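The values are calculated or read from the model by the stated rules, or taken from the named source; none is laboratory data. This one's a predicted model, so the numbers in the text were calculated from it and none came from an experiment. Cβ atoms come from the backbone with ideal geometry, glycine included; neighbour counts cover every protein chain shown. Accessible surface areas use protein heavy atoms only, side chains included; no ligands, DNA or RNA. Shrake-Rupley method; radii C 1.70, N 1.55, O 1.52, S 1.80 Å.
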Amino acid sequence: MAQLLSFRVYLSAETQKASPESFKRTQKTRKPFTPGQRGPVTPVRKPQNLNLEVSPHRAVSAVRLMRIEFGGAFADLLNEKGKGSGSNEMSYVERTIGFRTRDLDDRDLRLVTDVVGGTIRWRRYLDHLIGSLCHNERTFRNMEPLLLQILRIGFYEIIKLDMPAYAVVDENVRLAKIALRPGAGDLVNGILRKLVSLKEKDALPLPKVEGDDRAQARALATLHSHPVWMVRRWVKYLGLDEATKLMTWNNTDPGFSLRANMGRGITRADLVERLNSLKVPHELSLHLEDFVRIKTGLQMVVQAGLLKEGICSVQDESAGLVVSVVKPQPGDRILDACAAPGGKTLFMASCLKHQGMIYAMDVNEGRLRILGETAKSHQVNGLITTIHSDLRVFAETKEVQYDKVLLDAPCSGLGVLSKRADLRWNRKLEDMEELTNLQDELLDSASKLVKPGGFLIYSTCSIDPEENQGRVEAFLLRHPEFSVDPVDRLVPSSFVTLQGFFLSNPVKHSLDGAFAARLVRAL
């Protein structure tokens, strides 16, 4: 449980903000996972004995992919639980495919993380190739979910991981035969062998970027594995070249940043010493004095207990720079209006030097409870008061004002797609209007809680102009008592927009995409 709590702090990289549905009066209940949502239902089998013939990382990867696509699980949560959920993991495997494999070793875990994340990122690209190599389109459209996941894994391993083709074909055929039936194995064998032949001839059936704008967007969406609507939107706002660079960034393996917990008196030098003892490669942040960047070794950091002990948090520098825009000072009373999962809350509390209070509000009581537990390990629990409420209801019923209000609003998450591999497939164009309406409502409510002369900081983990400067500009028209307080004295100049806002660009800064505007209320 401790490891899981630690990784929920990791999600304070702001990849897991509350969804718009969290703010609805009537919550929807997610339907239970059923493999038969696509094609024929895979038959339910009675549990078999331990199977030592099947590749463990492929069996576990196939089941994780099923859970993510049909069961609503998050790819990053499933990847990062690691050994801590081994027994529970195998129960999912047994219920889904009818047998258990041997336990995963460290190499298997790394492969599962790579295969699951990569297969999700490249899903549209892989499905295009699978569909092209099927006997006909109907075969692909009616394919059983588990069979499709096995093929996706095989295609990803051959094309993107460049694994030995004979091993990939043999192991995935075996998995299909044992988990499904012999005929499924024959189908996997035929399609994967076609793929190997075409790859050797450098003749993969991929679309060309040509024709009108719509045709080009469809081709780019397939080649870079993104939804068409995202491609069209980015080409519109960024231009073709920058949109292509952004998609390339989203498909790379993400790096992470660790924040030394200065609330406990831990300096960056202390954290570096611990990383050196663990032989975890790292480099110092160029932008924040408490942050260290790592590309590999995150699992070692977890297993060594650095997160559990409150030595550090996993938090992207873009989130840290948003806290710089807030500029917490000793004695401040700050409302973090959409606080969970709490990364910014914890960082702000550590900046108060034991003077002041962070009021952490969220609609999700369970996540607030986890935040409170984490605050204890960081030794800042005396500086954080949790409030379980919808911001809009709270602003209507309470007559209280704060020095600073941070509204880290629910958003599309389009700035964190490299870390949230599954998010691109869970967002729709229609979501954008719903989100911007919610953001407007929350901004109006947050503004009521700012004292005269106080500050309202609006932030997102999005790079979309409509969610960012578009919302601020609309808010200022409705609320002339607020004006922009430029952030140029608070963050490095490369992050400051012409309007005086903060914006981190994944391609330019090699960080998650994020936005923040600092607004001051007239006296």
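Converting the Cα gyration tensor eigenvalues of the chain into ellipsoid dimensions via √(5λ) gives semi-axes, longest first, of 42, 26, 21 Å.
For the chain, the longest principal axis of the C-alpha atoms and the axis of helix 240-250 are separated by about 80°. Over all distinct Cα-Cα pairs of the range 133-189, the Kirkwood formula returns a hydrodynamic radius of 11.4 Å. Placing R0 at 22 angstrom, the Cβ-Cβ distance between Arg369 and Glu309 gives a FRET efficiency of 0.65 after rounding to 0.05.
Working from the Cα coordinates of the range 459-523, the gyration tensor eigenvalues give, after taking √(5λ), semi-axes of 22, 14, 7 Å in decreasing order. In the chain, the DSSP-assigned H stretches of four residues or longer account for a calculated mean residue ellipticity at 222 nm of -14500 deg cm²/dmol, using -39500 (n - 2.57) per stretch and the full residue count as denominator.
Assign one of three labels to the range 335-494, namely rounded, prolate or oblate, based on the Cα gyration tensor with a ≥ b ≥ c the square roots of its eigenvalues; rounded applies when a/c is under 1.5, prolate when it is not and a/b is larger than b/c, and oblate otherwise. Rounded, because the longest to shortest axis ratio a/c is under 1.5.
With a/c under 1.5 counting as rounded, go ahead and sort the range 167-265 into rounded, prolate or oblate using the C-alpha gyration tensor (a ≥ b ≥ c being the square roots of the eigenvalues; past the cut-off, prolate if a/b is larger than b/c, else oblate). Here the range 167-265 falls in the oblate category.
Tell me, Kirkwood radius of the range 418-489 from alpha-carbon pair distances, in Å? Intermediate values should be presented prior to the final figure.
Values: mean 1/r = 0.0720 Å⁻¹.
Radius from the Kirkwood sum: 13.9 Å.
From the Cα gyration tensor of the range 88-146, with a ≥ b ≥ c the square roots of its eigenvalues, which class applies: rounded if a/c is under 1.5, or else prolate if a/b is larger than b/c, or else oblate? In terms of gyration-tensor shape, oblate.
Please compute, over every Cα-Cα pair in the range 98-212, the percentage with a separation greater than 26 angstrom.
For the range 98-212, the fraction of Cα-Cα distances above 26 Å is 18 percent.
Taking every DSSP beta bridge that has both ends in the chain, the antiparallel portion is near 55%. Here r is the Cβ-Cβ distance between Ala269 and Lys508 and R0 is 45 Å; the resulting FRET efficiency, rounded to 0.05, is 0.95. When the C-alpha to C-alpha distance is required to be over 21 Å, the pairs from Lys245/Lys279; Lys398/Lys451; Lys199/Lys428 that qualify are Lys245/Lys279; Lys199/Lys428.
What's the extension gain from Val196 to Asp253 if we count 0.36 nm per residue and subtract their Cα-Cα distance?
Values: separation 57, 0.36 × 57 = 20.52 nm, distance 2.46 nm.
Once the chain is fully extended between Val196 and Asp253, it gains 18.1 nm.
How much of the accessible area of the chain, probe 1.4 Å, is carbon plus sulfur, in whole percent? Exposed carbon and sulfur together represent 51 percent of the surface. Here the gap between Asp440 and Leu52, fully extended at 0.36 nm per residue and compared with their Cα-Cα distance, gives a gain of 134.1 nm. Note on Asn426 and Ser91: the model spin-label points, each 7 Å out from Cα along the C-beta direction, lie 2.3 nm apart. Spin-label pair Lys279-Lys295: with each label point 7 Å from Cα along the Cα-Cβ axis, the two points sit 1.8 nm from one another. Among the trypsin sites (Lys or Arg not before Pro) within the range 399-489, those in coil by DSSP and having at most 12 neighbouring Cβ atoms inside 10 Å are Lys428, Arg489.
Using only Cα coordinates, the Kirkwood hydrodynamic radius of the range 204-248 works out to 10.3 Å. Of the GluC sites (Glu not before Pro) in the range 287-378, the ones in a loop by DSSP (not H, G, I, E or B) with at most 14 other beta carbons within 10 Å are Glu289.
Overall size of the range 403-523 from C-alpha positions, given as principal axis extents largest first: 45, 32, 21 Å. Once the chain from His354 to Leu161 is taken as fully extended at 0.36 nm per residue, the excess over their C-alpha distance is 64.6 nm.
On a 0 to 90 degree scale, rounded to 10, what angle separates helix 213-223 from the longest Cα axis of the chain? Helix 213-223 and the main axis of the chain meet at about 70 degrees. What the Cβ-Cβ distance of Arg181 and Thr139 gives, at R0 = 25 Å and to the nearest 0.05, is a FRET efficiency of 0.95.
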